[in-house]
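Just below is one structure, and these are the notes that go with it.
The values are calculated or read from the model by the stated rules, or taken from the named source; none is laboratory data. All of these numbers come straight from a predicted model, not from anything done at the bench. Because the Cβ atoms are built from the backbone with ideal geometry, glycine has one as well, and the counts that use them run over all protein chains shown.
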């Protein structure tokens, strides 16, 4: 009888240790179908088009479809902007202050630019062909991590 009690106690102890080890293994992120952290990037797609003889940019993905929208991104995130030329002439998107531009795009062509902004700011974007034609702005903002909140917001997180 004493031997049976020892076997039962040893079995329970082994089960508790195995459960704790499994919880620790899974809790460390070793068993996931998807990554725990998503890549830090902002992706948007815009297109050049001509309306009544005027060049404009229209948002396609990640941007409202209005003409010459204000684009938005975050500091320290990769900002990936795909530009499509749906117009009838050549176009090049140039972002002043970030000093990046697409290739000169023929009608139907597209190009992707990637920027990792390090500071906040408002930057103008232009159609850069023979001269600069301002079309809109890109706002780069800093998002505060939740551990930097103060006051009543800190208690809510």
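Okay, residues lined up against (1) modelled with pLDDT under 95; (2) outside any loop (DSSP other than H, G, I, E, B):
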{"residue": "76", "(1), (2)": "yes, no"}
{"residue": "88", "(1), (2)": "yes, no"}
{"residue": "98", "(1), (2)": "yes, no"}
{"residue": "112", "(1), (2)": "no, yes"}
{"residue": "130", "(1), (2)": "yes, no"}
{"residue": "133", "(1), (2)": "yes, yes"}
{"residue": "139", "(1), (2)": "yes, yes"}
{"residue": "154", "(1), (2)": "yes, yes"}
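Could you say whether any residue in the range 94-101 is exposed (fewer than 15 other Cβ atoms within 10 Å of the Cβ) and either touching a helix residue (DSSP H, G or I) at 6+ places or on another chain (Cβ under 9 Å) or without any contact (Cβ under 8 Å) to a residue 24 or more places away in the chain (or both)?
Checked the range 94-101: at least one residue is exposed (fewer than 15 other Cβ atoms within 10 Å of the Cβ) and either touching a helix residue (DSSP H, G or I) at 6+ places or on another chain (Cβ under 9 Å) or without any contact (Cβ under 8 Å) to a residue 24 or more places away in the chain (or both).
Just name the residue that is modelled with the highest pLDDT out of those in the range 35-65 that are loosely packed, with under 14 Cβ neighbours inside 10 Å and touching a strand residue (DSSP E or B) at 6+ places or on another chain (Cβ under 7 Å).
This residue is 61.
Only one of (1) surrounded by 19 or more Cβ atoms within 10 Å (Cβ to Cβ); (2) touching a residue at least 24 places away in the same chain (Cβ under 8 Å) is not met by residue 88, so which one is it?
Going through the list (1) surrounded by 19 or more Cβ atoms within 10 Å (Cβ to Cβ); (2) touching a residue at least 24 places away in the same chain (Cβ under 8 Å), residue 88 breaks only (1).
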